[in-house]
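Shown next, in structure tokens, is the structure this report addresses.
The values are calculated or read from the model by the stated rules, or taken from the named source; none is laboratory data. Since the structure is predicted, the reported quantities are computational estimates derived from the model, not experimental observations. Here the Cβ is made from the backbone with ideal geometry for all residues, glycine too, and neighbour counts use every protein chain on show. Calculation scope for accessible area: heavy atoms of the full protein, side chains included, ligands and nucleic acids excluded. Shrake-Rupley method; radii C 1.70, N 1.55, O 1.52, S 1.80 Å.
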Amino acid sequence: MKNILKTLITPILQKHWFADLTFGIIRFISGILLAIDFGASKFGMPWTPDGQNLNLFEVAAWFPKDVAAYGGIFALMPVFFAWMGAFSEAVGGLFLAFGLKTRLASFLIMCTMLVAIFMQKWGQGTWSMLPAMSFLWLAIYNLYFGSGRFGFDYLIAKKINKS
């Protein structure tokens, strides 16, 4: 179990610290944007605008209806999938921003963005898909490389590797 945790947490470092810093800045800004803008519009967080009328961890009423319209398994459990999608954007975005459980957060974000691209935005043109595609590419990168030197995963990995 410790080896699995070590593998999931330990980031792959770039040769130069400046590259890790550059990717860390991109990761932080993108994670914050995902959490504050995209996630908070459909999921109750402390920073969700009052006009959304959402309690903490509550999914916007319109979102499960949209998810159910995708059909298939989404129609069987629309509240679950809506909650998972909104959670991955709001909470996963924060985890991504701070480099905490980066690979797990990236996996959840990747799944959410794939659903957004193929089930919601497909057929609406490239410009409509662009935000989801951008978050998808970022999630794929961080799924492989992890947080780099500038994230909590790096600090946790150093502590795990010492013991």
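Things to note:
- Taken over segment 32-51, the criterion of being surrounded by fewer than 16 Cβ atoms within 10 Å (Cβ to Cβ) and within 26 Å of residue 138 (Cβ to Cβ) is satisfied by 32, 37, 46, 47, 49.
- Unmet requirement for residue 14, which otherwise passes all of (1) of a type in the set (S, T, N, Q); (2) under 15 Å from residue 87 (Cα atoms); (3) in contact (Cβ under 8 Å) with a residue 12 or more places away in the chain: (2)
- Scope segment 1-50; condition in a loop (DSSP other than H, G, I, E, B) and either in contact with a strand residue (DSSP E or B) (Cβ under 9 Å, 6 or more places away or on another chain) or more than 10 Å from residue 148 (Cα to Cα) (or both); matching residues: 1, 15, 16, 40, 41, 42, 44, 45, 46, 47, 48, 49
- Odd one out for residue 58 among (1) open to solvent by less than 20 Å² (accessible area, probe 1.4 Å); (2) more than 22 Å from residue 147 (Cβ to Cβ): (1)
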